[in-house]
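First up is the structure itself, then whatever we jot down about it.
The values are calculated or read from the model by the stated rules, or taken from the named source; none is laboratory data. Computed from a prediction, not measured in an experiment: that's the story for all the values here. Glycine also receives a Cβ, built like all others from the backbone with ideal geometry; neighbour counts cover every protein chain displayed. Keep in mind that these areas ignore ligands, DNA and RNA; they rest on the heavy atoms of the full protein, side chains included. Shrake-Rupley method; radii C 1.70, N 1.55, O 1.52, S 1.80 Å.
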Amino acid sequence: MTAMIKVEHLKKSFGKKEVLKDISANVDKGKVISIIGPSGSGKSTFLRCLNVLEKPSSGKIVFDGQDLTHINEKELDVLRERMGMVFQSFNLFPNMNVVENIKLAPMKVKGVSEDEAEKQALELLAKVGLKDRAEQYPSSLSGGQQQRVAIARALAMDPEVMLFDEPTSALDPEMVGEVLKTMQDLADSGMTMVIVTHEMGFAREVSDEVWFMADGYLQEQGSPEQIFENPQSPRAQDFLSKVL
Ligand code: ADP
Ligand code: MG
């Protein structure tokens with residue numbers, strides 16, 4: 001098994017506050033990993049360290065052989081193409097229609113021609129079930145539709161791994177399913193995914209591994225069955241007794 005991302009003794013502090021205390025873990029190619037755990041435990045910070053939105057205080061993150069702790073600006077641009085990220089808030093460009101939102105980065109960053117970018121954008125929209133929405137503006141779409149556009153936009157860069165930070169947390173309940181379905185399809189297509197989520201049913205169904213984070217540590221890692229049916233640490237037992 002090849003590790004796509006290796007995390008070694010990662011620590012991250014904000015001022016005096018130590019948020020990530022000593023995290024080591026591997027993300028293997030093609031795997032779907034869900035990170036669960038209480039609010040404030042460092043899940044977002046961990047995800048943001050993976051694609052260097054936050055700079056680790058110490059430790060190492062190695063992506064495809066490259067040490068991300070010593071990366072320069074130019075390398076960082078390339079890295080961001082290879083790692084897609086989807087946030088809780090969809091962050092679409094409000095002044096651009098759906099297809100323009102998706103086309104922008106491939107044209108600007110990768111130098112893809114407009115025709116090619118358009119063709120690819122429409123294919124991606126079909127994939128996320130929004131082919132007929134290409135000309136609409138984000139404000140005319142539901143939250144679930146906007147989040148699916150955000151996923152299509154990230155995929156337009158042809159990333160090797162997709163990071164999701166609570167992609168359904170800002171959605172009305174009736175829209176959660178359509179976004180999870182899109183993510184399930186992506187997982188089925190073999191994409192490597194790291195997903196911070198509170199959707200325990202989804203995490204159980206789709207993940208190859210579940211990581212439980214609390215108090216700045218990865219307290220437990222295992223198969224969905226191991227974590228959900230037989231958690232070992234009191235911290236995980238307590239958390240799961242509240243959310244399941
Ligand atoms: P989670 O995603 O698990 O809810 P976060 O990673 O967002 O947790 O936050 C973990 C802790 O780090 C929280 O106490 C939060 O206030 C703190 N934190 C996160 N980002 C910053 C920041 N940029 N500056 C200061 N503190 C931060
Ligand atoms: Mg968070």
What pairs come up if the first residue lies in the range 22-49 and is farther than 19 Å from M83 by Cα and touching a residue at least 12 places away in the same chain (Cβ under 8 Å), the second is in a helix (DSSP H, G or I) and near ligand 2 (Cβ under 9 Å from one of its atoms), and their beta carbons are under 6 Å apart, counting only those six or more places apart or on different chains?
G37/K43
Residues that are polar (S, T, N, Q), at least 2 per element: which helices (runs of 4 or more DSSP H) completely within the range 57-165 meet that?
143-155
Just for the range 166-187: of the residues that are in a loop (DSSP other than H, G, I, E, B) and more than 16 Å from ligand 1 (Cβ to nearest atom), which one is surrounded by the fewest Cβ atoms within 10 Å (Cβ to Cβ)?
D172
Can you tell me which residues in the range 191-240 are in a strand (DSSP E or B), surrounded by fewer than 19 Cβ atoms within 10 Å (Cβ to Cβ) and touching a residue at least 24 places away in the same chain (Cβ under 8 Å)?
Y217, Q221
Go through the residues of the range 56-77 one by one and say whether even a single one is surrounded by 15 or more Cβ atoms within 10 Å (Cβ to Cβ) and within 13 Å of ligand 2 (Cβ to nearest atom).
no
Of all residues in the range 22-48 being of a type in the set (S, T, Y) and out of contact with any helix residue (DSSP H, G or I) (no Cβ under 7 Å at 6 or more places or on another chain), which is surrounded by the fewest Cβ atoms within 10 Å (Cβ to Cβ)?
S39
If a residue has to be in contact (Cβ under 8 Å) with a residue 60 or more places away in the chain, open to solvent by 70 Å² or more (accessible area, probe 1.4 Å) and in contact with a helix residue (DSSP H, G or I) (Cβ under 9 Å, 6 or more places away or on another chain) to count, how many in the range 1-21 make the cut?
0
Which residues, counting only those in the range 30-56, are out of contact with any Phe, Trp or Tyr (no Cβ under 7 Å at 6 or more places or on another chain), within 20 Å of G222 (Cβ to Cβ) and within 9 Å of ligand 1 (Cβ to nearest atom)?
S41, G42, K43, F46, L47
